[in-house]
Amino acid sequence: MLIELRPGTSAEAAEEVAARAGAHEDVTAWPVRLAGRVFVVVSGDESLAHVPASPAVLARRPTPDGHWLVRRDSGVAPREVTIGPPLSGPPEAPRQVGVVGGPRLWWAAGPCALESTEDAVETALTVRAQGAHALRAGLSKTRSSPYHFPGRGLRGLEALAEIRRAAAIPVITEVCDPREVAAVAEVADCLQVDGRQLDNRPLLAELGAQRRPVLLMRGPRASLDDWLRAAEFVFTRGNSAVVLCAGATGTPQQPGFGAITALRARTELPVIFDPSHSTRSASLVAPAALAASAYGADGLLIESCTKPERLYRPGDAAHMFPPESLADLVATCERVRDSARSLEVSC
């Protein structure tokens, strides 16, 4: 349940409402400010929660589906999310900024996992020259096998910072452990969550406590409600800078383009598409990216590397789209998206 408070409610008054709403030992409540509005999040048995008769209380917002804040009609979820400065960061942070959900197609490219620092710098410089808004390079990976390279984890933070400085480009990296979120947020411009981590509630809560954008991948078996509830977990901790990333769904897995349009009816949050993981083939990245653009994706997350033959994980090289062709691909995707929009029919 959510209790919305009146605009201008002080922090002290919000804390008082939260304390009274969560007075029962089986209920937890805390205030959160989102989109210039003030809410008290009530977690636990709603029948035990108390909505105080306070002049600060504006309305009670029932949450039967578990995701009211991210809904289109809530007026809370942002249509645009900025990745890169002016977010807090070290003085040497790249000046480049990308807006996901704006008029232009946002895109990021790079290797699935951060491996060789030298190769990653070369890739970062190449994709930046191609027009990329950010570099993707995972520090931690939720692998399907315990014998596959799990990523460098916190050991790779210094390398990630070096790549970010050398290429002057924002970086997106994956985080799996809630204990590592704060440290990774000191370096990365955007924190990525694998679809298999959508049920990792401690991780989502910790991401919500940060002020870095969060990229939520959809798991292949996750419903739209599962996905939106994961975003809601981040929102309820105070962070509304969430981007949703669609990919493969079903068994056998196929690119889930329909999720892009389905989400449009349910949330304002920007939605991008991963044509690499959804197809598992570099030869299919372009068709999938074009299809996602026709469906109205706000951006693309593409696997690319200048030295794919040197990647550790068997099979990762097969996903890598040639970096020298990225600009042409994205330009074509933008034309397709514009053409599709010109043909939209109002229902």
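For beta carbons closer than 7 Å, sequence separation of 6+ or different chains, a first residue in region 21-43 that is at positive phi and a second that is at pLDDT 95 or above, the qualifying pairs are ALA35/GLY75; ALA35/VAL76; ALA35/SER240. With the structure loaded, tell me whether ARG60 is part of a strand (DSSP E or B) and either basic (Lys, Arg) or in the same structural domain as LEU224 (by TED's automatic domain parsing) (or both) or whether it fails that test. In short, yes.
Checked against the criterion of being outside the structural domain of VAL171 (by TED's automatic domain parsing), touching a Phe, Trp or Tyr at 6+ places or on another chain (Cβ under 9 Å) and either closer than 21 Å to ALA209 by Cβ or of a type in the set (Ser, Thr, Tyr) (or both), the candidates ALA18, ALA29, ALA11 yield just one match: ALA18. Residues in region 118-157 that are of a type in the set (S, T, N, Q) and surrounded by fewer than 17 Cβ atoms within 10 Å (Cβ to Cβ) were compared, and the one that is farthest from GLY195 (Cα to Cα) is SER145.
Of all residues in region 35-73, those satisfying the criterion of being touching a strand residue (DSSP E or B) at 6+ places or on another chain (Cβ under 9 Å) and among the acidic types (Asp, Glu) are ASP45, GLU46. Considering region 307-340, the residues that are in a loop (DSSP other than H, G, I, E, B) and at pLDDT 95 or above include one that is surrounded by the fewest Cβ atoms within 10 Å (Cβ to Cβ), namely PRO322.
Looking only at residues in region 127-165 that are in contact (Cβ under 8 Å) with a residue 40 or more places away in the chain, out of contact with any strand residue (DSSP E or B) (no Cβ under 9 Å at 6 or more places or on another chain) and not basic (Lys, Arg), the one that is farthest from VAL184 (Cα to Cα) is HIS148. Looking across ALA205, ALA222, one residue alone is out of contact with any Lys or Arg (no Cβ under 7 Å at 6 or more places or on another chain) and either free of Cβ contacts under 8 Å to residues at least 40 places away in the same chain or not assigned by TED's automatic domain parsing to the domain that holds GLY110 (or both). It is ALA222. The residue list ALA120, ALA108, ALA182 contains one member that is among the aliphatic types (A, V, I, L, M) and over 18 Å from VAL242 (Cα atoms), which is ALA120. The number of residues in region 269-294 being surrounded by fewer than 18 Cβ atoms within 10 Å (Cβ to Cβ) and either in a loop (DSSP other than H, G, I, E, B) or not assigned by TED's automatic domain parsing to the domain that holds VAL242 (or both) comes to 2.
The values are calculated or read from the model by the stated rules, or taken from the named source; none is laboratory data. All of these numbers come straight from a predicted model, not from anything done at the bench. A quick note on method: Cβ atoms are made from the backbone with ideal geometry, for glycine too, and the neighbour counts reach across all protein chains shown.
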